[in-house]
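Everything on this sheet refers to the single structure shown next.
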Amino acid sequence: MQQDPNDFFRRKKPWSEYKDAILDYYLEPYLPKVATLRLPIAVIDCFAGPGRFSEDGSLGSPLIIAKHLEKAHARGTKVRAVFIEAEKSLFERLRANVKNFPFAIDVLEGDFRTHADHIRQISQDHSVFIYLDPMSPGQLKFDDLKAAYDQLLVGRSVETLINFHSSKFVRRARGLLTRASEGGVLNPAHHEVVACDEIAGGSYWQDIIADGKRTGGDCAEAIAAGYVDKLRSWFRWVLDYPIRQTINMRVPKYHLIFGSRSHHAVDLMNRAMVNARRKFVRAESVEGFLFANEPKEEVVDKGKILTAVLDTASLIGPTKWKFLRTETTVRNASRFTDSEFNQAIKKAICSGKLGADCSGTKIENSAKLWPIAEGS
Ligand SMILES: C[S@@+](CC[C@H](N)C(=O)[O-])C[C@H]1O[C@@H](n2cnc3c(N)ncnc32)[C@H](O)[C@@H]1O
């Protein structure tokens with residue numbers, strides 16, 4: 001049964017706080033950084049909601065975004081917000097909640113697809129950050145923002161942060177194994193299978209779902225990885241952070257997926273994700289216990305960071321310092337920060353585990369680095 005959207009916006013769900021913290025943490029350094037491109041900046045929230053939760057008063061994404069844009073506006077940056085909400089009563093609340101900000105805000109009612117032309121036009125002459133936070137996977141088709149993402153091909157700065165409902169997608173897709181298959185094989189022409197292809201951006205999910213050996217959690221991770229891969233056709237760098245309801249829950253609530261062409265943006269977004277992840281781990285397992293009791297995979301240890309760097313170097317071959325850091329980051333998103341990777345790179349150079357045309361005593365983003373085969 002469809003949830004009443006007004007019910008949804010009474011109290012913020014605990015796990016939504018980590019998602020919102022990432023948006024909040026990222027926008028702080030993102031806006032001054034992207035302002036240096038000297039284009040006006042637009043932040044577009046296609047699934048805006050009312051802006052504020054009615055019972056606990058906490059901020060929804062439009063007010064989080066507006067708070068940061070207001071600061072950028074005060075620094076003299078030309079900014080604009082586009083907030084779109086389909087549900088009339090939520091749209092009215094949204095309009096009232098954002099009416100007093102001192103910069104341009106387009107508050108638009110209706111399905112965001114009906115405003116696709118406006119979004120495309122803004123993407124042509126602004127640096128844009130697009131936030132996509134639907135309630136269910138079916139509300140967002142993979143190609144819905146194609147016209148905006150295509151602006152990357154003509155050199156514009158476009159970034160996207162997507163809440164991909166991987167687990168709900170798995171539940172929906174598994175249901176098709178009985179409804180839309182013949183002899184246990186999905187019928188690719190069935191309209192519900194086609195609808196899932198449109199959400200996922202391809203048919204890669206079908207084999208994952210049909211593999212009876214995978215758990216729900218494995219399926220969600222594999223499908224999110226497929227989604228990330230598809231987004232790479234637009235975005236050079238894509239980060240993926242699984243948000244869980246509790247630390248021991250193997251099946252994530254959803255995946256927060258970020259795409260950008262900028263390696264600076266990757267460092268910033270990854271920091272936001274690491275920050276949220278460590279806060280979550282502390283709140284869930286360490287605080288209130290006499291001894292730290294976080295799961296093994298959540299323990300941050302220097303050996304793991306070094307291994308991540310060396311494994312990535314072997315995989316990608318010779319590269320520059322900054323690209324080794326970014327490639328390691330996207331393979332280990334939300335686990336370790338850019339400065340932890342820099343420390344590990346320094347250590348690897350100084351101990352002869354990584355070849356380099358620099359000493360490794362300080363960070364040199366343009367230095368050449370290369371893997372050294374074990375035993376050589
Ligand atoms: C998960 S909520 C967004 C929450 C919001 N990001 C926040 O932090 O408060 C999704 C919202 O998108 C709206 N929505 C659903 N489909 C939409 C569409 N096609 N176009 C615009 N809004 C839509 C829903 O009414 C709902 O308010």
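Which of the numbered conditions does Gly57 fail, given that it passes all the others? Conditions: (1) surrounded by fewer than 20 Cβ atoms within 10 Å (Cβ to Cβ); (2) more than 22 Å from the chain's Cα centre (by Cα); (3) within 12 Å of the ligand (Cβ to nearest atom); (4) not polar (S, T, N, Q).
With respect to (1) surrounded by fewer than 20 Cβ atoms within 10 Å (Cβ to Cβ); (2) more than 22 Å from the chain's Cα centre (by Cα); (3) within 12 Å of the ligand (Cβ to nearest atom); (4) not polar (S, T, N, Q), Gly57 is out only on (3).
Could you run through region 42-54 and say how many residues are away from the ligand (no atom under 11 Å from the Cβ) and either in a loop (DSSP other than H, G, I, E, B) or not assigned by TED's automatic domain parsing to the domain that holds Glu85 (or both)?
Residues in region 42-54 being away from the ligand (no atom under 11 Å from the Cβ) and either in a loop (DSSP other than H, G, I, E, B) or not assigned by TED's automatic domain parsing to the domain that holds Glu85 (or both): 1 in total.
Under 6 Å by Cβ, and 6 or more places apart or on different chains, what pairs join a residue from region 73-90 that is aliphatic (A, V, I, L, M) with one that is within 11 Å of the ligand (Cβ to nearest atom) and modelled with pLDDT under 95?
Pairs that qualify, where the first residue is aliphatic (A, V, I, L, M) and the partner is within 11 Å of the ligand (Cβ to nearest atom) and modelled with pLDDT under 95, are Leu90/Pro5.
Just give me the residues in region 161-196 being in contact with a strand residue (DSSP E or B) (Cβ under 7 Å, 6 or more places away or on another chain) and of a type in the set (Val, Ile, Thr), in sequence order.
Those that are in contact with a strand residue (DSSP E or B) (Cβ under 7 Å, 6 or more places away or on another chain) and of a type in the set (Val, Ile, Thr): Ile162, Val193.
Looking at region 1-38, which of its residues are touching a His at 6+ places or on another chain (Cβ under 7 Å) and surrounded by fewer than 16 Cβ atoms within 10 Å (Cβ to Cβ)? Outline the logic, then answer.
Narrowing region 1-38 to residues touching a His at 6+ places or on another chain (Cβ under 7 Å): 27-28, 31, 33.
Listed by number, the residues that qualify are Glu28, Lys33.
I need every pair where a residue in region 47-63 that is under 9 Å from Leu94 (Cα atoms) has its Cβ under 7 Å from the Cβ of a residue that is near the ligand (Cβ under 7 Å from one of its atoms) and of a type in the set (Val, Ile, Thr), sequence separation at least 6 or different chains.
Matching pairs, first to second residue: Ala48/Ile84.
Conditions first: (1) modelled with pLDDT of 95 or more; (2) within 22 Å of the chain's Cα centre (by Cα). Tyr18 passes all but one, so which condition is the exception?
All conditions are met except number (1).
Here is a list of conditions, (1) farther than 20 Å from Leu140 by Cβ; (2) touching a helix residue (DSSP H, G or I) at 6+ places or on another chain (Cβ under 9 Å), and Pro50 meets all of them except one; can you say which number that is?
Of everything listed in (1) farther than 20 Å from Leu140 by Cβ; (2) touching a helix residue (DSSP H, G or I) at 6+ places or on another chain (Cβ under 9 Å), Pro50 misses just condition (1).
For region 61-148, which strands (runs of 3 or more DSSP E) that fit wholly inside it have 1 or more residues that are away from the ligand (no atom under 13 Å from the Cβ), modelled with pLDDT of 95 or more and loosely packed, with under 15 Cβ neighbours inside 10 Å?
Values: elements: 79-85, 104-109, 127-132.
Qualifying strands (runs of 3 or more DSSP E): 104-109.
Working only within region 107-116, note down all residues that are among the acidic types (Asp, Glu) and under 24 Å from the mean Cα position of the chain (by Cα). Don't jump to the end; show me each part of the working.
Looking only at region 107-116, we keep the residues that are among the acidic types (Asp, Glu), and these are 109, 111.
Residue satisfying the conditions is Asp111 alone.
Out of the residues in region 151-171 that are part of a helix (DSSP H, G or I) and within 16 Å of the ligand (Cβ to nearest atom), state the one that is surrounded by the most Cβ atoms within 10 Å (Cβ to Cβ).
First pass over region 151-171, keeping only residues part of a helix (DSSP H, G or I): 151-154, 166-171.
With within 16 Å of the ligand (Cβ to nearest atom) added as a condition, the list becomes 166-169.
Values: Ser166: 31, Ser167: 23, Lys168: 17, Phe169: 25.
If we take residues in region 151-171 being part of a helix (DSSP H, G or I) and within 16 Å of the ligand (Cβ to nearest atom), then Ser166 is surrounded by the most Cβ atoms within 10 Å (Cβ to Cβ).
Do we have any residue at all in region 145-162 that's more than 24 Å from His263 (Cα to Cα), touching a residue at least 24 places away in the same chain (Cβ under 8 Å) and among the small types (Gly, Ala, Ser)? Full working, then the answer.
Step one: of region 145-162, the residues more than 24 Å from His263 (Cα to Cα) are none.
Within region 145-162, none of the residues are more than 24 Å from His263 (Cα to Cα), touching a residue at least 24 places away in the same chain (Cβ under 8 Å) and among the small types (Gly, Ala, Ser).
So which residues in region 128-180 are among the β-branched types (Val, Ile, Thr) and touching a helix residue (DSSP H, G or I) at 6+ places or on another chain (Cβ under 9 Å)? Spell out the reasoning first.
Step one: of region 128-180, the residues among the β-branched types (Val, Ile, Thr) are 128, 130, 154, 158, 160, 162, 170, 178.
Result: Val128, Ile130, Val154, Val158, Thr160, Ile162, Val170.
Which residues, taken from region 14-41, are hydrophobic (A, V, I, L, M, F, W, C) and either part of a loop (DSSP other than H, G, I, E, B) or touching a Cys at 6+ places or on another chain (Cβ under 7 Å) (or both)? Write out each step before concluding.
First, the residues of region 14-41 that are hydrophobic (A, V, I, L, M, F, W, C): 15, 21-23, 27, 31, 34-35, 37, 39, 41.
The answer is Leu37, Leu39.
The values are calculated or read from the model by the stated rules, or taken from the named source; none is laboratory data. Just so it is clear, the model here is predicted, and its values are computed rather than measured. No Cβ is skipped: glycine too gets one built from the backbone with ideal geometry, and neighbour counts run over all protein chains shown.
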